[in-house]
Amino acid sequence: MDERCADIKLALKNLKKGVSIDDSFVSEQLNSLRVIFTYFLENAVFSRYGVKRQTENESKSEVTIWLEEKFDLFLKLLMVSVTNNKRFALVIFFKLLKVEVENSEAKAFSNVPLITMLVRNLTSNDKLETFFSGVVAVDYVNVYHDVKYYVICSIKEVVQNMKSREGGEDERSFEIDNLLTLLTSIHYPESEADIAKFLVPIGEGEGGNFDYENENENDDDDENDDFDAESGDGKKRKKSKNNSDSRRKKKKHIPSVQRLSAYRSKFGETWLAFLKLPLSPRQHNKVLSFLPQSIIPHLNEPLVLAHYLTLSYSVGGATALNALNSLFILMTQHNLEYPKFYQSLYALVDCKMFYSKHRTRFFKLLNICLSSTHLPAYVVASFMKRMCRASLNAPASGCLFTIAFVHNLLLRHSECGVLVDRNGVAELNDQFDPEESDPSKSGALNSSLWELKALKKHFHADVSKLAFVFDKIDNKTLPNDLDEHLAHSYKSLFASAIQARGGSVKLAFAKPDVLFLDGDLGGGMRMK
């Protein structure tokens, strides 16, 4: 032991020399420390992070206290290399983590102080996005499901500690960015069949101190057996009781890391804790963009996000646009009741949206939201009128989409055809109120789409040509492909225009036979 303690002193002394030491030397010293401490942990010489000593009830010796102090110093130096994006430090860390778990009293993950330590150091990494997604996630977190599960638990703990800890606004924003990177880089299992690989294999009856789940037999069967036994003699009652006891023994405990429901529960708790942090508008928009595909499908109860989404939707602008998709999913797939949904959606339709970088996604969602044939005619008419009015100040690409979109709505809702057929003084005495925020009170159904006449005289030939599609609408008319029109932009329209081949043009041109006219210098000089 004395020799190993001397090696610990020497290795720690070498590591303290400074940052000028090359990576190979640091890796060698850290790995030597890992080997030494692994020996002590396997022989239960000292207790740390769940590993129990053989003489736990006795007072700690000076050697034990010294080993614990040096072990903590070793971990601190190891975390410095992790923070500096050193891959070898991660290899050493997870080897050490495996030894800790295998020599713990539970022989499995019973607590996660080491993983919490790792997560806490990763949040202070200024190059975390590249390091985590390229190294930590690829090699460990997205490979071993027990590591993944407890990383999620550790993120929740770090988030909760961040709420109570004081710090500068810039520092906290930086840590929140890193936590968001951690949460969005983890690949979550789709089914329990995907939960197959573990850093520490789980044996029967082993698991952490998190919740368990009983499977196979139900307690109701035991009660029914006892009830049946009462109607018979004592032998039947005794036999039923023995069967009940043996059935209970056969019940299998499933560790949390092997249950999909446990993943989703911890995942939801972690995200809810994260959303309570003081997020900036940029961070809010990033979270909202991940919700539909990467978060909502992995929650046990997606409706817990309803309050957050409705608040985000009421903000308006880009934030409301990013919340729109998730909110629509909760309404259509999880029975969320949101009476003011279409009123809020109506407020998002304006000429500014045609110039937004999110316009393609918004118009796709708008088409989905208005795809139902059960919508009232006055609601559809209000959206049609508002889109046409906004298109008067829109670019040519926006006008093309508006025409195709309104045309599809007219095919889907024939009762709105009066907006096109109505003529006379309707365009001079427009009943539509553009300032009204409620589509049911806008008066659009009593108006007309006179804006389409203006689009027929648009400067761009494609717009004016497409606007004539409203002259003939019948049951045989096919709907427009909106994806084709969503792909248009000024750049694409210009490119298609210059690539179009024009016909031959005849010019009134007479071939000259002289270089200069009479009276000019050199006049009369003829060409050969």
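The values are calculated or read from the model by the stated rules, or taken from the named source; none is laboratory data. Everything quoted here is computed from the prediction, not taken from an experiment. Glycine also receives a Cβ, built like all others from the backbone with ideal geometry; neighbour counts cover every protein chain displayed. For accessibility, only protein heavy atoms count, side chains too; no ligands or nucleic acids. Shrake-Rupley method; radii C 1.70, N 1.55, O 1.52, S 1.80 Å.
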Worksheet item: Across the range 319-358, what is the total count of residues that are touching a residue at least 40 places away in the same chain (Cβ under 8 Å) and part of a helix (DSSP H, G or I)?
Response: 11
Discussion item. Exactly one of these conditions fails for R165: (1) surrounded by 18 or more Cβ atoms within 10 Å (Cβ to Cβ); (2) free of Cβ contacts under 8 Å to residues at least 24 places away in the same chain; (3) of a type in the set (K, R). Give me its number.
Written reply: (1)
Worksheet item: Can you name every residue in the range 270-295 that is within 24 Å of A193 (Cβ to Cβ) and either open to solvent by 10 Å² or more (accessible area, probe 1.4 Å) or free of Cβ contacts under 8 Å to residues at least 12 places away in the same chain (or both)?
Response: Q293, S294
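Test Y308 against the criterion of being crowded, with 19+ Cβ neighbours inside 10 Å, in contact with a Lys or Arg (Cβ under 9 Å, 6 or more places away or on another chain) and either at pLDDT 90 or above or part of a helix (DSSP H, G or I) (or both), and give yes or no.
Working: crowded, with 19+ Cβ neighbours inside 10 Å: yes; in contact with a Lys or Arg (Cβ under 9 Å, 6 or more places away or on another chain): no; either at pLDDT 90 or above or part of a helix (DSSP H, G or I) (or both): yes.
No: the conditions fail for Y308.
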Worksheet item: In the range 382-409, what residues are part of a helix (DSSP H, G or I) and polar (S, T, N, Q)?
Response: S382, S391, S397, T402, N408
Discussion item. Condition check: over 30 Å from C399 (Cβ atoms), open to solvent by 20 Å² or more (accessible area, probe 1.4 Å) and either within 18 Å of the chain's Cα centre (by Cα) or of a type in the set (S, T, Y) (or both). Does E337 satisfy that?
Written reply: no
Practice prompt. Might you let me know whether the range 444-463 holds any residue that is of a type in the set (D, E), open to solvent by 20 Å² or more (accessible area, probe 1.4 Å) and closer than 25 Å to S489 by Cα?
Written response: yes
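For residues that are β-branched (V, I, T) and open to solvent by less than 10 Å² (accessible area, probe 1.4 Å), scanning just the range 120-157, find the one that is modelled with the lowest pLDDT. Talk me through it step by step, then tell me what you get.
Here is the first cut: in the range 120-157, the residues β-branched (V, I, T) are 123, 130, 135-136, 138, 141, 143, 147, 151-152, 155.
This time we only want the ones that are open to solvent by less than 10 Å² (accessible area, probe 1.4 Å), so: 123, 136, 141, 147, 151-152, 155.
Numbers: T123: 86, V136: 82, V141: 86, V147: 88, V151: 90, I152: 91, I155: 91.
Taking the candidates together, the pick is V136.
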Worksheet, complete the sentence: Flagged in the range 426-464 as outside any loop (DSSP other than H, G, I, E, B) and small (G, A, S), in numbering order, are S440, A444, A454, A461, S464
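So in the range 62-72, with the set limited to residues that are among the aliphatic types (A, V, I, L, M) and open to solvent by 40 Å² or more (accessible area, probe 1.4 Å), which one is modelled with the highest pLDDT?
Start the filter on the range 62-72 by keeping residues that are among the aliphatic types (A, V, I, L, M), which leaves 63, 65, 67.
This time we only want the ones that are open to solvent by 40 Å² or more (accessible area, probe 1.4 Å), so: 63, 65.
Values: V63: 80, I65: 84.
The selected residue is I65.
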Practice prompt. Give the range 13-55 a look and list any residue that's in a helix (DSSP H, G or I), among the aliphatic types (A, V, I, L, M) and either over 18 Å from S81 (Cα atoms) or modelled with pLDDT of 80 or more (or both), or say none.
Written response: V26, L30, L33, V35, I36, L41
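Among the residues of the range 82-91, which ones are closer than 19 Å to N178 by Cα, open to solvent by 10 Å² or more (accessible area, probe 1.4 Å) and assigned to a helix (DSSP H, G or I)? First the steps, then the outcome.
First pass over the range 82-91, keeping only residues closer than 19 Å to N178 by Cα: 82-87, 90.
Right, trim to open to solvent by 10 Å² or more (accessible area, probe 1.4 Å) and you get 83-87.
Across the range 82-91, the qualifying residues are T83, R87.
What about F468, is it farther than 23 Å from L348 by Cβ and assigned to a helix (DSSP H, G or I)?
Values: farther than 23 Å from L348 by Cβ: yes; assigned to a helix (DSSP H, G or I): yes.
Yes: the conditions hold for F468.
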Fill in: Within the range 102-119, tally of residues that are in a helix (DSSP H, G or I), open to solvent by 30 Å² or more (accessible area, probe 1.4 Å) and either at pLDDT below 65 or of a type in the set (A, V, I, L, M) (or both)
1
Discussion item. Any residue that is within 37 Å of the chain's Cα centre (by Cα) and modelled with pLDDT of 85 or more - is there at least one of those in the range 413-425?
Written reply: yes
Worksheet item: Just one of the numbered conditions (1) at pLDDT 80 or above; (2) open to solvent by 90 Å² or more (accessible area, probe 1.4 Å) is not true of A6; which one?
Response: (2)
Practice prompt. Write out, first by first residue and then by second, each pair whose Cβ atoms fall under 7 Å of each other, whose residues are 6+ apart or on separate chains, and whose first residue, in the range 133-145, is within 13 Å of L118 (Cβ to Cβ) and part of a helix (DSSP H, G or I) while the second is open to solvent by 50 Å² or more (accessible area, probe 1.4 Å) and at pLDDT 85 or above.
Written response: V135/R87
Fill in: Test: residue in the range 361-380 that is buried (at least 17 other Cβ atoms within 10 Å of the Cβ), at pLDDT 90 or above and of a type in the set (G, A, S)
no
Worksheet item: Is there a residue in the range 205-223 that is under 30 Å from S124 (Cβ atoms), open to solvent by less than 90 Å² (accessible area, probe 1.4 Å), at pLDDT 85 or above and not in a helix (DSSP H, G or I)?
Response: no
